[in-house]
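A.B. asks: Just passing along the structure, written as structure tokens.
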Amino acid sequence: MNKKSVFVFAVALCTFLCSATNILALNNGLARTPPMGFNTWNYFNCQGGGGHGRVNEALIKAIADAFVSQGLTAVGYQYVNIDDCWAEASRNTYGGMVASHTDFPNGMKTVADYCHTKGVKLGIYSDVAAQTCAKTMPGMSGHENQDADTFVAWGVDYIKVDWCQGTGGQSLSSYVKVRNALTQAVTAMKPTVPTAHPVVFSLCNWGQDNAWTWADSVGNLWRTTGDITNQWGSMLGNMDQNQSHYAYSRIGSWNDPDMMEVGIGNFTNAAMSRSHFSLWCMMAAPLVTGTDVRSPNLDATTKSILTNADAIAVDQDTPGGDNTMGIIQGRKVVTGNSEVWVKLLKGKTKSEYAMLFFNRANTAAASMSVTTTQIASVGGDIATGKVYGVRDLWAHTNLANWTAGGTYTTPSAVPVNDVFMIRLTLPTDVLPPLASVKVSDLRVQPEGEQVIVQ
């Protein structure tokens, strides 16, 4: 190959690689911590299919109101997400999506605007194929750019895109089309629509095609599992699958074991509900609940679990802003019926740790332990002799300090299907008191340049 041919080949190769990088790059600046919110599906299903009423404009506005009145926004919940069945069965004559005339008579932009006045964000749903999973409304196939333009114009803040009727092996290319359409819509609209803004992109292909290995370049979160149900076994299955992919989470890109069922079905049991929420926090999972958060439907126990600021702080902790893959999501360091989880907090230096002792057996309460070596396996700078404060994240009390180097054992046996969750904290440095000074004489030089104190 002559020099001219080499040069032409190099330019062509560079052009290909650069364009490929552009196609597969995500940098929308969103979801810097795992998203927190609500989704209609788990409780309301498809237009009243769950027996709890229709998903409509009044309901979504009431959920937005409840976010504020129930203290959810105060602890970090942001997104009110509408799932399947929100649109008319057919597109309009121009090929555009149309919100259900019956359920959203004032249009989706009105709903988004209302949410924004409450300090809440609106999420919406679609599918990569021609129809959504419920087959009651169109999906995005062949209309990716048109739908992205529509959603951005409406002021939508979050979109979940499902995989029903998707073609096996084509997850990456299908979702890249949607990602690019969303990016282009914001870029094109921004000059004339100042409110146009990037949209959190949630991929829902149930972990097919090993989504965790590529989805961080396409979306902000991706499903690692099949759909969750409100049964204990379903939660455990999704948790086990998701935790095995801990190495792939990073800031702005999250493993998603599906929405939370806290307060629904088996999870009306307080211990099971507490375990479910704690495990999602340890996995740095999106905290998107399906519970009806309106009063009086949100009972006191469920509310106390969903708004546990100590546990939420564990979920939302991105160690020192370090974007390295594999250091953010907690993981199991002891397996079996008595599991122990550890999550690195704060960063690789001056590290703190969350620890979860989970009794997943249905037999008896169990005492549990973890060694310093096992804690250190998740990273950070824990070392023999370092003294940590210990905070019980469910009792919201400080326990006796613990010195690293040996084994930490739970103060009491953990009940069946329940958890003991703590945070190891570094002591706060306290400055010594200033020395007292008695002033007997104070003089200022005439030029005002010097103060003399005796």
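A.B. asks: Mind checking Rg over Rh on segment 158-232, alpha carbons, Kirkwood formula for Rh?
C.D. replies: Reported Rg/Rh (Cα atoms, Kirkwood Rh): 1.06.
A.B. asks: How large is ³J(HN,Hα), in whole Hz, for each residue of segment 293-298 in order, when computed from phi with the Karplus curve 6.51 cos²θ - 1.76 cosθ + 1.60 and θ = phi - 60°, using x for Gly and Pro?
C.D. replies: Result, rounded to whole Hz: 8, 6, 7, x, 5, 7.
A.B. asks: While we're here: Leaving out same-chain residues fewer than 8 places away, which lysines sit with a Cα under 21 Å from that of LYS109?
C.D. replies: LYS61, LYS118, LYS121, LYS160, LYS190
A.B. asks: I would also like to ask the following. Can you tell which of GLY29, PRO138, ALA413 lies farthest toward the positive end of the dipole of the chain, using +1 and -1 charges on the Cβ of basic and acidic side chains (Lys, Arg; Asp, Glu)?
C.D. replies: Projecting each Cα onto the dipole axis, the largest value belongs to GLY29.
A.B. asks: Taking the chain as the reference, fit the longest principal axis to its C-alpha atoms, fit the long axis of helix 171-189 to the helix C-alpha atoms, and give the angle between the two in degrees, 0 to 90, nearest 10.
C.D. replies: Between helix and principal axis, roughly 90 degrees.
A.B. asks: With a 1.4 Å probe and every protein chain kept in, tell me what percent of the accessible surface of segment 180-279 is carbon plus sulfur.
C.D. replies: 53 percent
A.B. asks: Could I ask something else about it? Provide the percentage of antiparallel DSSP beta bridges, counting only those with both residues in the chain; round to the nearest 5.
C.D. replies: If I count the DSSP bridges inside the chain, around 60 percent turn out antiparallel.
A.B. asks: Here is a further query. Determine ³J(HN,Hα), in whole Hz, for all residues of segment 249-256 in sequence, where each value follows from phi through the Karplus function 6.51 cos²θ - 1.76 cosθ + 1.60 and θ = phi - 60°; x replaces Gly and Pro.
C.D. replies: Result, ordered by residue: 6, 7, 4, x, 8, 10, 5, 10 Hz.
A.B. asks: Another question, if that's okay. Using a 1.4 angstrom probe and counting only protein chains, how large is the accessible area of ARG32 in Å², to 10?
C.D. replies: Solvent-accessible area, nearest 10 Å²: 120 Å².
A.B. asks: Let me ask you something else. With a/c under 1.5 counting as rounded, go ahead and sort segment 189-340 into rounded, prolate or oblate using the C-alpha gyration tensor (a ≥ b ≥ c being the square roots of the eigenvalues; past the cut-off, prolate if a/b is larger than b/c, else oblate).
C.D. replies: Oblate, because a/c is 1.5 or more while a/b does not exceed b/c.
A.B. asks: Under a Cβ-Cβ cut-off of 10 Å, what is the net charge of the residues other than ALA134 that fall near it, where Lys and Arg count +1 and Asp and Glu count -1?
C.D. replies: -3
A.B. asks: Sorted by accessible area (1.4 Å probe), largest first, how do MET368, MET325 line up?
C.D. replies: Of MET368, MET325, the descending order of accessible area is MET325, MET368.
A.B. asks: What aspartates and glutamates does LYS177 reach when the alpha-carbon gap must be under 20 Å and sequence neighbours fewer than 8 apart in one chain are set aside?
C.D. replies: In chain and number order, the partners are ASP127, GLU144, ASP147, ASP149, ASP157, ASP162, ASP209, ASP216.
A.B. asks: Going by the alpha-carbon gyration tensor, a ≥ b ≥ c the square roots of its eigenvalues, is segment 69-142 rounded (a/c under 1.5) or, if a/c is not under 1.5, prolate (a/b greater than b/c) versus oblate?
C.D. replies: Prolate, since a/c reaches 1.5 and a/b exceeds b/c.
A.B. asks: Relative contact order for the chain using alpha-carbon pairs under 8 Å, separation at least 6, rounded to a whole percent?
C.D. replies: About 11 percent, as a whole number.
A.B. asks: Rank by packing, highest mean first: peptides 254-264, 97-107, with packing defined as the count of other Cβ atoms within 10 Å averaged across residues.
C.D. replies: With the highest mean Cβ count within 10 Å placed first, the list reads 254-264, 97-107.
A.B. asks: About the Cα centre of the chain, what is the dipole size in debye to 20, counting +1 per Lys and Arg Cβ and -1 per Asp and Glu Cβ, all else neutral?
C.D. replies: Charge dipole of the chain: 720 debye, to the nearest 20.
A.B. asks: Now for a separate question. Taking only protein heavy atoms and a 1.4 Å probe, what accessible area per residue, in Å², does the chain have with all protein chains in place?
C.D. replies: About 43 Å² of surface per residue is accessible.
A.B. asks: Then there's this: Give me the one-decimal nm value for the distance between modelled label points at LYS190 and THR384, 7 Å along each residue's Cα-to-Cβ direction.
C.D. replies: According to this spin-label approximation, the distance is 5.5 nm.
A.B. asks: Same structure, new question: Specify whether the C-alpha gyration tensor of segment 125-205 places it in the rounded, prolate or oblate class, a ≥ b ≥ c being the square roots of the eigenvalues: rounded for a/c under 1.5, otherwise prolate if a/b is larger than b/c and oblate if not.
C.D. replies: Here segment 125-205 falls in the prolate category.
A.B. asks: For a quick protection proxy, order the peptides 226-234, 114-122, 133-141 by their average other-Cβ count within 10 Å, most packed first.
C.D. replies: 133-141, 114-122, 226-234
A.B. asks: Show the residues, 5+ positions off or on another chain, whose built amide H is closer than 5 Å to the amide H of GLN47.
C.D. replies: Result for GLN47 returns VAL55.
A.B. asks: Give the residue from ASN56, ILE422, THR372 lying farthest towards the positive end of the charge dipole for the chain; charges sit on Cβ (+1 for Lys and Arg, -1 for Asp and Glu) and the dipole is referred to the Cα centre.
C.D. replies: Projecting each Cα onto the dipole axis, the largest value belongs to THR372.
A.B. asks: At what distance in nm do the modelled label points of THR268 and HIS116 sit from each other, each positioned 7 Å from its Cα along Cα→Cβ?
C.D. replies: 4.0 nm
A.B. asks: Okay, next question. From the helices alone, meaning DSSP H stretches of at least four residues, give me the mean residue ellipticity at 222 nm for the chain, per-run term -39500 (n - 2.57), in deg cm²/dmol to the nearest 500.
C.D. replies: That comes out to -8000 deg cm²/dmol.
The values are calculated or read from the model by the stated rules, or taken from the named source; none is laboratory data. These numbers were taken from a predicted model, which means no experiment stands behind them. FYI the Cβ positions are ideal-geometry reconstructions off the backbone, even for glycines, and counts take in every protein chain you see. Surface areas here come from the heavy atoms of the whole protein model, side chains and all, with no ligands, DNA or RNA. Shrake-Rupley method; radii C 1.70, N 1.55, O 1.52, S 1.80 Å.
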